[in-house]
Each structure stands twice: as structure tokens, then as C-alpha cells.
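> What follows is a single structure, and I will ask about it in a moment.
None of the figures in this text is laboratory data; all of them are computed from the coordinates on show. Just so it is clear, the model here is predicted, and its values are computed rather than measured. All Cβ positions, even for glycine, are placed from backbone atoms using ideal geometry, and neighbour counts span all protein chains on display.
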Ligand SMILES: Nc1ncnc2c1ncn2[C@@H]1O[C@H](COP(=O)(O)OP(=O)(O)O)[C@@H](O)[C@H]1O
Ligand SMILES: [Mg+2]
């Protein structure tokens, strides 16, 4: 394996008339990596993928595949295989002809074609399906055929546009494992587009979170979740209480923040610390706290020296089995708290006073 990234995007911009669909995106992908583009509908994921595949031409910026500049190369000259959202199978062609299409275009002789089609159908767990028609297959099977069609040409880079979005939840979760198995078995570099943050986190080595055409953060899944760098990422990936405040003090281990909205002083001690290094008194910040990192207790007169606690009133709660979700009114602001297992099932009541509390290491500064 070389140190050269297999895919490199440099300052990609794409305008459709007045709409800037992709706004200065850059990233590098290593060989064998599973890399996801995640973001809400309309943020520019498909456009980015289509530029890498060669179906859309960038307004500005460059794309390199294996160190070769391919910005203006047609799709068939790029060594990429793409699975389109909705699969785009040829309805009047058999599975064998659908899957073998790219090989035929490449002039691969019929014998070899048949063999390679049979092999890839085995890989996607549909051996012997050559003579069926797409309409005779379930959604999940059509999805595997679309994948087989992209893989049969043995591309250096596999591009997948929301490949699981047409499937029901259970099948979708099954197919995550299946896709990962195939990707790992082949070791093929993969760029995966999804609006589903859980899908992106669970499958990827690294994730690029997109918002309105821009890259908000590029990081491994754990960092994206535990150290979101912007308000948008904290909110879009998982759930977050976003609390506005002002830095009032700093010392060796962290900062103290006055959270005006919820009316409390909070301490912020992030693990790596470097994010808060630049902050000093007077800086306005947003502090993100995950609902599952907050605890509730009933006694309102606990140890007064504890930090990061505030009194609130239960507005409503929902028992969800594994967890109970609470909406807490804290001085007129709403906070979402998720309490697991038995602790969430104590006899709480609407209107009850509670203490909301979290560990200072769970306060993450976002959107400085
Ligand atoms: N061919 C096109 N012509 C005009 N506008 C387009 C075209 N394709 C995409 N767009 C616009 O570009 C933006 C990004 O679209 P897209 O890349 O499809 O987003 P996503 O895949 O994240 O949902 C949207 O505002 C969309 O309406
Ligand atoms: Mg899309």
C-alpha cells in the first residue's frame, strides 16, 4: 500500500444555475477505506458522488484517482463502479445481462463474462440468478444485483448512493453487515452516501458530515459523535442539548461557562483539551451535552459543591423500554434527558422538581 491517497478531491464546487450545490469540498481517501458522506437531503451528497464518478463536471476544483487528474475524464475512464439510488437496473434485461453490461462494454469475451458474472453473483449471495428479470426480485435482491453490477468490473473505487434507503428497517440493518462483509472481503475503497447518521457511524472508517454544500467535519466515527466540532454536527449526528453561554474563567483543566439560557454555571473539561485552549473570559460558546450523558435525581438538596447541576421541572416523559426520555423545563429552556434501564423507571411525575446533572467531561464546546 502506498501513501498516496486513492481519491483526492480539491476545492470541489458545483453550481446549478444560481444554486451552489457543493461549496468548496476537499478530502483524501486512503486505499481500502470505507468513507461516508452524510448530511440532510439536498446538502450536495449525490452531486459530490456524481462528480467523483464523472457524471457531473465540477464548476471548480479537481478530482484525482490514484494520483491521476480525472476532473474532465468520462465515467468509463475513471476505474469507479457506482450503485445509483433506486438501482437503475435495466428492466428488460436479465440479471446476467444487467450484471455483465460493464464487461460487455469493455469488450470482455462471452465465456469470461459468464464466469465473472457467476462469481460476483455468488459474492452477493444470489448464485444462479442469471436468467431472472429485475421485476421478479425483491427490493433487497435488486439492491444486491445493482451492487454486483458495480463490482463485476473490479473498480478501484466503489461509489454507493443511499443503497439501502429503499429497504425496510430490518433488511436495511441486515444489509449494513452484508455490505461491510463484501467491502472487507474485496478490500475495495468505498465512498458511501447516506442521510442516515446511524448507518454512516456504524459502517465507516471515516465520515464527512455535509451541510448546505459544505464539509462541517471529517473524522472517524467515534470523534464525530464524541467530539463534534460544530453545532450542526452535534445536532445532526445523534441528539444534543445545545446551551449558549459565555466563558467566565479558565484554568489548567478546563473552562467555566455561564449558561445564560438555563441559568447555571457549567464546567467544561474535554478529554483532549485542545478545542478549549483558545478560549478565555468573554468568549461566547455553545456547549453541547448528549441526552444520554445527563442524569436525573429526585433529591434537590444534594451536595452543593457539585458542578454541572441545575434544578428543573419534568414537563413530560416517554417510556421507550430500553430508556426513558424526559423533557425538563430548566428556567424556561427545554432540556432532553435520556435515562437507561431501571433508573429511568423510578416513579417520576410530570411537574416534579428534579436535579439535572452531568460530568464536566461530557460538556463539549461546539461552534466557537
Ligand atoms: N441537475 C440538477 N439541476 C439543478 N439543481 C440540482 C441538480 N442536481 C442537484 N441539484 C440541487 O443541488 C442541491 C444538492 O442536491 P443533491 O446533491 O442531490 O443533494 P443530496 O444528495 O444531498 O440530497 C439541491 O439543492 C438540488 O436541488
Ligand atoms: Mg442524494
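> Averaging sequence separations of C-alpha pairs under 8 Å and six or more residues apart, then dividing by the length of segment 1-100, give the relative contact order as a whole percent.
Working: 140 pairs, mean separation 27.5, N = 100.
With pairs under 8 Å counted, the relative contact order is 28 percent.
> With an 8 Å Cα cut-off and a minimum separation of 6 or more residues, compute the relative contact order for segment 239-366 in percent. List each step's numbers first, then the result.
Details: 301 pairs, mean separation 39.1, N = 128.
Worked out over segment 239-366, it gives 31 percent.
> Where does each of 208-217, 319-328, 77-86, 52-61 land if you order them by average Cβ count within 10 Å, highest first? Could the numbers behind the result be given before it?
Details: 208-217: 21.1, 319-328: 15.7, 77-86: 19.3, 52-61: 17.4.
By packing density, highest mean first, the sequence is 208-217, 77-86, 52-61, 319-328.
> Moving on. Cα gyration tensor of segment 190-342, axes a ≥ b ≥ c as square roots of the eigenvalues: rounded (a/c below 1.5), prolate (a/b > b/c) or oblate? Intermediate results must be reported in sequence, preceding the final value.
On the way: a/c = 2.09, a/b = 1.24, b/c = 1.69.
It is oblate, given that a/c is not under 1.5 and a/b is not larger than b/c.
> Turning to a different aspect of this structure: What is the Rg over Rh value, at two decimals, for the chain, using alpha-carbon atoms and the Kirkwood definition of Rh? The partial results should precede the final answer.
Numbers: Rg = 24.8 Å, Rh = 23.2 Å.
Dividing the radius of gyration by the Kirkwood radius yields 1.07.
> While we're looking at this one, here's another question. Report the residues of segment 185-214 in range of a label on residue 165: point 7 Å along Cα→C-beta, backbone N strictly under 15 Å from it.
192-200, 210-213
> With each pseudo-label sitting 7 Å past Cα toward Cβ, what's the residue 277-residue 318 distance in nm, one decimal?
So the label points at residue 277 and residue 318 sit 4.2 nm apart.
> Tell me the volume per residue, in Å³, of the convex hull enclosing the alpha carbons of segment 165-231.
Looking at segment 165-231, the number lands at 106 Å³ per residue.
> If you don't mind, another one. Using 1/(1 + (r/R0)^6) with R0 = 35 angstrom and r between the beta carbons of residue 105 and residue 231, what's the FRET efficiency to the nearest 0.05? Mind showing how you got there, number by number?
Values: r = 46 Å, r/R0 = 1.33.
Result of the calculation: an efficiency of 0.15.
> What ratio of Cα Rg to 2.2 N^0.38 Å holds for segment 70-177? Working shown, then result.
Numbers: Rg = 13.7 Å, N = 108, 2.2 N^0.38 = 13.0 Å.
In units of the 2.2 N^0.38 Å rule of thumb, it is 1.05.
> For residue 212 and residue 60, calculate 0.36 nm times their separation in residues minus their Cα-Cα distance, and state this gained length in nm to one decimal. Don't jump to the answer; show the numbers that get you there.
On the way: separation 152, 0.36 × 152 = 54.72 nm, distance 1.70 nm.
Between residue 212 and residue 60, full extension yields 53.0 nm more.
> Would you please put 166-175, 259-268 in order of how densely packed they are, using the mean number of other Cβ atoms within 10 angstrom per residue and starting with the highest? Kindly include the intermediate steps, with their values, before the conclusion.
Values: 166-175: 13.7, 259-268: 18.6.
Peptide ranking by packing, descending: 259-268, 166-175.
> Between residue 73 and residue 205, what is the label-to-label distance in nm when each label sits 7 Å out along the Cα-to-Cβ direction?
Those two pseudo-labels are separated by 2.0 nm.
> Based on the Cα atoms of segment 31-115, what semi-axes does the equivalent ellipsoid have, where each is the square root of 5 times one gyration tensor eigenvalue, given in whole Å with the largest first? Spell out each step's value before the answer.
On the way: eigenvalues 146, 63, 30 Å².
With the √(5λ) rule applied to segment 31-115, the semi-axes are 27, 18, 12 Å.
> At 7 Å along Cα-to-Cβ for each site, give me the label-to-label distance between residue 20 and residue 295 in nm.
Modelled inter-label distance: 4.7 nm.
> Turning to a different aspect of this structure: Normalised by the number of residues in segment 7-232, what is the relative contact order in percent for Cα pairs under 8 Å and 6+ residues apart? Can you show the working numbers first?
Values: 431 pairs, mean separation 64.3, N = 226.
Averaging sequence separation for qualifying contacts and normalising by length gives 28 percent for segment 7-232.
> Here's a follow-up. Calculated FRET efficiency, residue 307 and residue 28, Cβ-Cβ r, R0 51 Å, to nearest 0.05? Intermediate results must be reported in sequence, preceding the final value.
Details: r = 41 Å, r/R0 = 0.80.
Efficiency for this residue pair is about 0.80.
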